[in-house]
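Take a look at the structure set out below.
The values are calculated or read from the model by the stated rules, or taken from the named source; none is laboratory data. Quantities reported herein were computed from a predicted structural model and do not represent experimental measurements. Please note: Cβ atoms are built from the backbone with ideal geometry, for glycine as well, and neighbour counts cover all protein chains shown. Areas reflect the complete protein model, heavy atoms only, side chains present, ligands, DNA and RNA absent. Shrake-Rupley method; radii C 1.70, N 1.55, O 1.52, S 1.80 Å.
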Amino acid sequence: FFLKFSKLTMLLRAISICYRFFHNIKNLRNGENFKETGPLKVTTLNQTLLNLIKLTQSIDFFDDIKLLKRNGEVKQISLQMLMPFLDDECIIRVGGRLQNSNLPFNVKHPILLSNKNPLAKLIIQDSHEKTLHGGITLTMSYVNRKYWIISADW
């Protein structure tokens, strides 16, 4: 499904509209008159992105998520060096020594993504556009403020 979209913003908007539709149908069935309309809110788009990240992580790191929930360890050796952990929303994040710094939480513990996932490619492309096509170093620096893409490439 991700391959049908060439931009992250278009993917987020399309899925957010679907979420809104299902939310409105659910409220209609429950007899409530509250109906979401108008432009999409930033919080809705951010929640949609988190839901997509959870979905992609559950596909790419299925066994590792089960192990992290059970005993806090992962099976893959390449992930063990990153000391991953599950946050409050069950999203895999990178651990490490930065937890003692004064940096924001997203910078200290970026979200872990697989480079094989189309969502990671859309995030890199979106970051490339947001940095005004600034090149590989600037783009990846921008991406790494929030995400850690394993073996990220262009």
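Conditions tested, residue by residue: (1) open to solvent by less than 40 Å² (accessible area, probe 1.4 Å); (2) among the small types (Gly, Ala, Ser).
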| site | (1), (2) |
| --- | --- |
| Lys69 | no, no |
| Asp87 | yes, no |
| Gly96 | yes, yes |
| Ala120 | yes, yes |
| Thr131 | yes, no |
| Thr137 | no, no |
| Trp148 | no, no |
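Close contacts from the range 125-140, counting a first residue that is among the hydroxyl-bearing types (Ser, Thr, Tyr) and a second that is in a loop (DSSP other than H, G, I, E, B), with Cβ to Cβ under 8 Å and a gap of 6+ residues or different chains, come to Thr139/Thr131. Residues in the range 86-136 that are at pLDDT 95 or above, over 17 Å from Thr56 (Cβ atoms) and polar (S, T, N, Q): 1 in all.
Given the options Leu28, Leu11, Leu68, Leu55, name the one that is in a helix (DSSP H, G or I), in contact with a helix residue (DSSP H, G or I) (Cβ under 7 Å, 6 or more places away or on another chain) and of a type outside the set (Lys, Arg). Walk me through how you get there before you give the answer.
Values: Leu28 fails: in contact with a helix residue (DSSP H, G or I) (Cβ under 7 Å, 6 or more places away or on another chain); Leu68 fails: in contact with a helix residue (DSSP H, G or I) (Cβ under 7 Å, 6 or more places away or on another chain); Leu55 fails: in contact with a helix residue (DSSP H, G or I) (Cβ under 7 Å, 6 or more places away or on another chain).
None of the other options fit; the residue is Leu11.
If you go through the range 137-148 and keep only what is hydrophobic (A, V, I, L, M, F, W, C) and under 25 Å from Asp60 (Cα atoms), you end up with Met140, Val143, Trp148. Would you pick out the residues in the range 98-113 that are surrounded by fewer than 17 Cβ atoms within 10 Å (Cβ to Cβ) and more than 15 Å from the chain's Cα centre (by Cα)? Within the range 98-113, Leu98, Gln99, Asn100, Ser101, Asn102, Leu103, Pro104 meet the criteria. Here are the criteria: (1) over 20 Å from Glu89 (Cβ atoms); (2) without any contact (Cβ under 8 Å) to a residue 60 or more places away in the chain. Tell me which single one Leu3 does not satisfy. Status for Leu3: all satisfied but (2).
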